[in-house]
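Here is the structure we will look at, set down as structure tokens.
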Amino acid sequence: MRGVAQEEFSIDPKFITSTLDLEAIEAKRVWAAVTQYSENPDTPGLNPEKLGGRAGRSRLWSIRASQELRVLLAREGSVTVFLRAGHHDAIYALAERTTFVAPAEGGAGLIPLRPGAVDLDGGSIEWAEPPQAEVSETKGRTVLEHWATPELAAAGFTQDEIKLLREAGINDLLDIWPDIQEQQFNLVLELAELTPEQWKNQQLLDDQEAAERRFRASVVDRGALSGLSSVLSPEEVMRLASAPIEDWMIFLHPDQRALVNRRFNGPARVRGSAGTGKTVVALHRAAALAKRLTDEKKSGQESVLFTTFVSSLPPVFENLYLRLPTAVQGVVEFTNVDKLANRICREAGQRPNLDRHLVDSAFAKALDDVVLPGTPLHNAQLTRGYLRDEVTWVIKGRGVDTVDEYLRMERTGRRTPFSEAMRRQAWQLREAWDKRMSQKGVVDFRDVVRSARDIARTHPEPMFSHAVIDESQDLTLVGLQLVRALVNGPRGVDVPDGLFIVGDGAQKIYAGGFTLAQAGVDVRGNSTVLHVNYRNTQQIIQTAFACTGNEAVNDLGDEYARGDAVADANREGAGPALVVASDINDQVAFVADQVDQLVKAGALGPGDVCVCAPTNRIVKQAMSRLKAAGIQTQDLAKFQGRTNDYVKVGTFFRAKGLEFKVVFLLELSADKFPTPQQPGQSDAEYADQRSLQVSQLFVAMTRARDRFFVLCDGEPSAPVRDAMEHFELVEA
């Protein structure tokens, strides 16, 4: 089987799906065989066997992973595509009813040789077509579209056959089977892989090296149309094989791959609901930009920034990035916005003191000085937390310079009305807080971000070549302006491929908000919405939307109800469970018992499980009691994306950006979640508070890949009660 050139490999996305359908030990054996094959296709014990041969150019092979397991692959010369993994009989049956076509136009892949042919998963087999946006006619490509009618006639087709070929789409070959003899059908497949000029040169057709070049071109240049991975070296395949299944982030939908490699004339934006692969796209985009810098031999000063707001996510993203076989090391910097801003200020000679205790004390004293009984803010019955968010996220987060500007601005993301008198007093609170902090020699993080933005705007050169922003919905406007300035430099003009903004307003977990227009960022023509959920089962995503879908969302200026943005999930699974326990201790005991059962059954490892709770207090309780039950845990705040055997435990918002096979959600009881309205708290403020908490619940629910459990004592939380028909009721 060995070719003369260096071995190269590509992986069909259904290969991953087929391994996930196997038992864990079987999947491990499959990947061991793939690793051996990538090192040496002639490795003893793999028993490579050529299959098929009934139609088209036969290039289907199988290799042996065990006595019962086989890997189906397509091979031409030194290029291999891993197609499916499964048990012996299923793989051989699939090979018998399919062939692999590498067309001169359109996506390469398996196509059926007979009506009703199905894949390992029971779905019908179709030859992938190019994305609709790349096709001029809405009907899509037809068979042999790149052949002119006289050329088809010269190849031996009758006029009736040519008419059928002109009317049939690529996926309609079997519809014309009764009208075309098998010999002609095979000719169709042969011509699909050739241009008329290539077909006329019969000597070229018999040239194995030429056939390999055509096959490689189909996989490399057009493989993305059918979701194939990029071409990998043996070392990259081995890196992929050694990664845990849940961390593979190489595979992209064709639409996503186009986003990764596209050159934008300015800032670009990608949004989509939970599970649609936004972070996957962002990581691949960073890798592609890094490779571009490396290939163009840019100076060592040129680099890619990958940033977000949540401080615990950059280490996770960096470790996921390093698992990408195509990752370029040493070119992408992963950091959160606040940490980056602090570093920029220090490098400029500033020494910001961020002592949280002194900052909090300064705000408390400023509040006591300004918000007195009988004043507008006091009469509005707003809590200290809400008022601090107003100053932190709305005034400072938006970079407001004057009270007049604050009086005119739209408070995007804040539904509690603020009269002119309330705004003037909020401005006084800001000034009093700043004065108190100045006296103590401290600053707030929002002040540091603003200072860093101003430094970046006057820096002689851009500090980064490109920037990727994940979870962009949680940034402040000034935070976005900082990142923009880092790639644009002192001119302030948006550079091509400078900003790549990724996020989902339905997963916003912090106060405040803004629109891209308010930030001066124009993504018209460069904005994409992802519509397919790759993470969750249908049952999980439907339940999450049933619980939280009625909430209004403002996504950087786009407004909709969360439930209106539901994405299609292709996987089926068990329904979420509602567990009614007597108290928190019984809830944790149920979790411990379930984890023990799942691990002993080999369904998953402890590290595949996450336990989420609304508050840090409950997190500490859960960790303590799980430890007492003999289960090792790790606080999500300390998790850095490295695989381990600890059950992860953290608050709902700490789970943002992560995923697990199974998630347990504690204390979703009616009297505990959402947090009850405080005495004297206004209805408007409570509505804002409740909305953020429900958004956090949505984030936590959608972290589950295969199943989640909701636990409560007594009556379940209102969002859960709204979706009771989606839950399986279980007693602890």
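The values are calculated or read from the model by the stated rules, or taken from the named source; none is laboratory data. Keep in mind that this is a model prediction, so the values were computed, not measured. For neighbour counting, all protein chains shown are included, and Cβ atoms are generated from backbone atoms with ideal geometry for every residue, glycine included. Protein only, heavy atoms only, side chains kept; ligands, DNA and RNA dropped before computing areas. Shrake-Rupley method; radii C 1.70, N 1.55, O 1.52, S 1.80 Å.
Quick look at the numbers
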quantity: Under-5 Å amide H pairs with residue 573, H placed in peptide plane, nonlocal only; calculated: 538, 539
quantity: Sum of side-chain charges, residue 550 neighbourhood, beta-carbon under 15 Å (Lys, Arg +1; Asp, Glu -1); calculated: 0
quantity: Lys/Arg +1, Asp/Glu -1 at C-beta; the chain dipole; positive extreme among 623, 377, 509; calculated: 377
quantity: Cα-based reach from residue 28 at 16 Å (exclusive), listing aspartates and glutamates while leaving out same-chain residues under 8 positions away; calculated: 68, 246, 247
quantity: Heavy atoms of residue 345: accessible area, 1.4 Å probe, square angstrom to 10; calculated: 0 Å²
quantity: Cα Rg, Dmax (largest Cα-Cα span) when computed across region 566-666, Å; calculated: 13.5, 41
quantity: Set of aspartates and glutamates near residue 508 by C-alpha distance (under 14 Å), chain-local residues within fewer than 8 positions excluded; calculated: 470, 471, 474, 551, 555, 558, 559, 688
quantity: Whole-number accessible area per residue in Å² for the chain, which is evaluated in the context of all protein chains at 1.4 Å; calculated: 42 Å²
quantity: Cut-off 12 Å between beta-carbons: net charge of the residues surrounding residue 93, Lys and Arg +1, Asp and Glu -1; calculated: +1
quantity: Between region 651-696 and region 575-599, the alpha-carbon center distance in angstrom; calculated: 20 Å
quantity: Karplus-derived HN-Hα couplings along region 419-426 (A = 6.51, B = -1.76, C = 1.60, θ = phi - 60°), whole Hz, x at Gly and Pro; calculated: 6, 4, 5, 5, 5, 5, 6, 4
quantity: Sulfur and carbon atoms: percent of accessible area, the chain [1.4 Å]; calculated: 47 percent
quantity: The chain - Kirkwood radius from inverse mean 1/r over Cα pairs (Å); calculated: 28.4 Å
quantity: Computed magnitude of the charge dipole of the chain (debye, nearest 20; Cβ of K, R +1, Cβ of D, E -1); calculated: 2460 debye
quantity: Relative contact order of region 570-727, pairs being alpha-carbon contacts under 8 Å that are 6 or more residues apart, as %; calculated: 34 percent
quantity: For region 472-546 versus region 302-364, the gap between their alpha-carbon centres in whole angstrom; calculated: 18 Å
quantity: Contact order relative to length of the chain, as percent, for alpha carbon pairs under 8 angstrom and 6 or more apart; calculated: 12 percent
quantity: Cβ-based net charge around residue 616, under 10 Å, with every Lys or Arg adding one and every Asp or Glu removing one; calculated: +2
quantity: Sequence-distant residues sharing a close amide H with residue 399 (under 5 Å, placed H); calculated: 478
quantity: Farthest positive-ward along the chain dipole, Cα basis, beta-carbon charges - from 601, 486, 27; calculated: 486
quantity: Potential lengthening between residue 67 and residue 297 on full extension [0.36 nm per residue; Cα-Cα distance subtracted]; calculated: 77.9 nm
quantity: Label point distance in nm, residue 258-residue 197, each placed 7 Å from Cα along Cα→Cβ; calculated: 2.7 nm
